[in-house]
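Step one of this worksheet: look at the structure below.
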Amino acid sequence: MADLFDGYPLGQQWDEMFGSPGQPRSAYAGLFTSLQPMAGEELSARADLLSQTYRDAGVTFAHAGEEQPFPLDIVPRVIGAEEWDVIERGVAQRVLALEAFLADVYGAGEVFADRVVPRSVVTTSAHFHRQAHGLVPPNGVRVHVSGIDLVRDEAGDFRVLEDNLRSPSGVSYVITNRAAMSQVLPELFADHRIQPVDDYPTRLLAALKASAPANVADPTVVVLTPGVYNSAYFEHALLARQMGVELVEGRDLVCAGNQVSMRTTDGQRRVDVVYRRIDDEFLDPVHFRPDSVIGCAGLLNAARAGRVTIANAVGNGVADDKLLFTWVPDLVRYYLGEEPVLANAETYRLDDRETTEWVLSSLDQLVLKPVDGSGGKGIVIGPRADEKTLADLAVKVRARPRDWIAQKPIGLSTCPTLIGGRIAPRHVDLRPFAVNDGSKVWVLPGGLTRVALPEGELVVNSSQGGGSKDTWVLSGARPAASREVPESTRIEFTAADLPDDPPAQDPGPLNDTVVGQSQQQQQGAFRARNAPEDGGTTPC
Amino acid sequence: MLSRIAESLFWIGRYVERADDTARILDVHTQRLVEDPWIDERRACANLLALMGSPCPEDEADTERVLATLAFERDSPSSIVGALSAARENARGAREVLSGEIWESLNVTHNALPQQRTMARRYGPHALFRFVRERSAMVFGLADSTMSRDESWLFLVLGRSLERVDMTARIISTRVLAGDAAPSWTLVLRSTGAYEPYLRTYRGVVDSSRAAEFLLLDRLFPRSVFAALDQAESCLAELERSTVRDTTRIGVAGEAHRIVGRARTLLEYMSTPELLSRLPARLEELQRTCSAASAAVSNHFFTEQAPQVWVPEGVA
């Protein structure tokens, strides 16, 4: 019998599900057993239901100016407990190192004095903001939320592709993906222990509150969005809703005397923490682009005065610069005195003539990335580019080598994906999200798996038409106390005076069905009496 | 109006609300079974069944049993299908006072149940729960916009309010009584549709006593026990208004009004710590209050006699 996975091709790359044809890896064993007996049409029908769910719920991503349902593939990606442990440690370690680096850059600058990183790398970065110098956040956290992009290389090891420390998006899809999958394919979940993801908003809110200016008893948190036309507006709204906080636009905020407030029907209300999803350049027209209409004038001064916390902090872009990326392993060793748990993807800086010349001569074998690009924009994949693209690229690289880095192409791992009623391999990456509350870096179990839906495509970004997968982190036995979200109070009560059985639900009146039946019977009997041709029944 | 019709309206209100609430509870329950990796399925299911008034031994309790008993059981007024069928039967006998739209809505719901059931088997029950929630909202929405605010409306809303008190109390009980197999307060709030209003009200993490307080006492959230009791009370006050003129000098006219009013004042004037310290017993009382109030309403307004059967005297 032809099953779902028949003829599933295994290429050069690591495949997430299969080690060899027909042999699933141990984390996928349960999933394989559940999916295998399903017919392609059955799975397609479920997939239709899944996309219908997303359309109804308005889970969308603005792509090229159009609001589109975010494509969610029906085959989940599974990460085993041990593998996850490595990712979790690696991500937390990296975040801590980058926090220390940011504190250093906008403070003493010891890292430059110790010649670990040249000062010019930072000062030439478009995201280095002198305005943030000396601005120390209340609990020392600058990277409240981060997304560290990982890929798996041919050997099956996770490597870091880039860091996102400004406003990484995608976490809302982690939450909605799980909710939609558990509605549409509940039976898949039955055989697995999957770590839940729905407490992310609670964790985020706790971290944001922890970062509020000192001496504020019950801090007011807001989410600052550029507005409904932003590509990630859905996410801003979802996070605000699930945290139960106000979703504000720049025009809702007002800053006077270094105090940020929002305009409400009860007059102005103080704001203590702004979780902003607006780029630095647009955040505050006083300090950055004066033509910005989506920011709040005076916000940065208020932060400097210690009256409001901006999360994530201004100027974080200097630490997720793709050029600085090449130094991150050194930063981990320098600040933490540890070896990096997760290695970088192999990357070359164009900082000396020799390397630049070598890169220029082998453009067709390398991936070139602009250092300040995001969302997959401007990336040139050498082996797939045509002559003209490469020639243009060479001109640009020669003119400004500082703007580019070169990477050896990584054969991103593949994961089974439903394409046109068949299961086929597609390339995936992984973006785990980390929340830093000042005492601990918590990594959301799973994160966003993005999948490049066109065959062979390596750019998985959603702004390039990529989709996503629900990402399962299998859990071991129940962790003792860590599971329960901390509750500030417990209810103490006695149940001693309670009767044994809970009351049953009230039944309705012996209702019309019973009465109706007797009515029918009587009518029936009446007809029978008056229908002599039926004969037989003698009235008595 | 005719007692028989009044009774039908009262029970339409109760049954539709019951189906709605049961769908919400089951939706959250099934989702929890799927998403919580550490759950003890049998215990959670046994607890749920016991608290919904259909206890079953723990080793027989599983999701299938829960769905069979609380969703699909045709003859039980506690299941979704049973309640919606009963609501439709009641509506059939009261078509002259129900607006055509409400009847049609109930009838369409009833007719779609077998198909929904098949869909639930194939694609999981979530779509069914959602369907039930939407149809209930439609019935009450149509009632809201197409019925005069006369007795018929009052009986419908009275039934809905009493049922809501009962069901909300049961949902809170699932949290309070089930020990470590209990759903979290977040889930309890979600199964009453109160999660987002709660978050917006208290802006923060879910806290046990605040959550209990919100579900029991909040004046502004319509599914809280207090708000539902308040609404039931005002319906009863309206219904008794004509009799007030004649007799009542002391207290209230009707037994039902007295029962509901007493439960309401108890919640209103008892301090929260006092209320929470004997929470399980209070919740149980609330459920019994609803039964008693419902019985009193029946006695007072629906004095219908059982059909009498005349037996011809036998010939000796």
- prompt: Of the residues that make up region A:346-368, is at least one in contact (Cβ under 8 Å) with a residue 60 or more places away in the chain and closer than 30 Å to A:F61 by Cα?
  reply: no
statement: Among the residues of region B:270-300, the number that are outside any helix (DSSP H, G or I) and either aliphatic (A, V, I, L, M) or open to solvent by less than 30 Å² (accessible area, probe 1.4 Å) (or both) is 1
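Given region B:1-100, what helices (runs of 4 or more DSSP H) lie entirely inside it while holding 2 or more residues that are under 30 Å from B:D150 (Cβ atoms)?
Details: elements: B:3-35, B:41-51, B:63-67, B:80-92.
So the answer is B:3-35, B:80-92.
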field: Candidate set: region A:186-195, residues that are in contact (Cβ under 8 Å) with a residue 60 or more places away in the chain, crowded, with 19+ Cβ neighbours inside 10 Å and facing chain B (nearest Cβ under 7 Å); chosen: the one nearest to the chain's Cα centre (by Cα)
entry: A:Q195
- request: Search region A:433-459 for residues that are within 29 Å of A:R384 (Cα to Cα) and pair each with any residue that is part of a loop (DSSP other than H, G, I, E, B) and of a type in the set (K, R) when their beta-carbon atoms are under 8 Å apart and the residues are at least 6 apart or on different chains.
  value: none
task: Out of the residues in region A:153-178 that are more than 25 Å from A:E82 (Cα to Cα) and of a type outside the set (D, E, K, R), state the one that is nearest to the other protein chains (Cβ to nearest Cβ).
output: A:T176
- line: Matching residues in region A:21-80 (in contact with a strand residue (DSSP E or B) (Cβ under 7 Å, 6 or more places away or on another chain) and either acidic (D, E) or outside the structural domain of A:P196 (by TED's automatic domain parsing) (or both)) number 2
- prompt: For B:D59, which of the numbered conditions (1) surrounded by fewer than 24 Cβ atoms within 10 Å (Cβ to Cβ); (2) within 12 Å of another protein chain (Cβ to nearest Cβ); (3) over 20 Å from A:A504 (Cα atoms) fails to hold?
  reply: (2)
task: Being out of contact with any Asp or Glu (no Cβ under 9 Å at 6 or more places or on another chain) and either outside the structural domain of A:Y233 (by TED's automatic domain parsing) or open to solvent by less than 50 Å² (accessible area, probe 1.4 Å) (or both) is the filter here, so list the residues in region A:282-301 that pass it.
output: A:L283, A:D284
message: On the basis of being at pLDDT 90 or above and over 22 Å from B:V188 (Cβ atoms), does B:I102 make the cut?
response: yes
message: On the basis of being within 12 Å of another protein chain (Cβ to nearest Cβ) and open to solvent by less than 50 Å² (accessible area, probe 1.4 Å), does B:G204 make the cut?
response: yes
- prompt: In this structure, is A:D85 in the same structural domain as A:V441 (by TED's automatic domain parsing) and either within 30 Å of A:D48 (Cα to Cα) or under 19 Å from the mean Cα position of the chain (by Cα) (or both)?
  reply: yes
message: Give me the residue from region A:196-221 that is over 24 Å from the mean Cα position of the chain (by Cα) and facing another protein chain (nearest Cβ under 10 Å) and, out of that set, surrounded by the fewest Cβ atoms within 10 Å (Cβ to Cβ).
response: A:D218
field: Single residue of A:V341, A:V314, A:V328 found to be part of a loop (DSSP other than H, G, I, E, B), touching a helix residue (DSSP H, G or I) at 6+ places or on another chain (Cβ under 8 Å) and open to solvent by less than 30 Å² (accessible area, probe 1.4 Å)
entry: A:V314
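The values are calculated or read from the model by the stated rules, or taken from the named source; none is laboratory data. Because the structure is predicted, anything quoted here is derived from the model rather than measured. Every residue, glycine as well, gets a Cβ built from its backbone with ideal geometry; the counts of neighbours run over all protein chains shown. The area values use the complete protein model at the heavy-atom level, side chains included, leaving out ligands, DNA and RNA. Shrake-Rupley method; radii C 1.70, N 1.55, O 1.52, S 1.80 Å.
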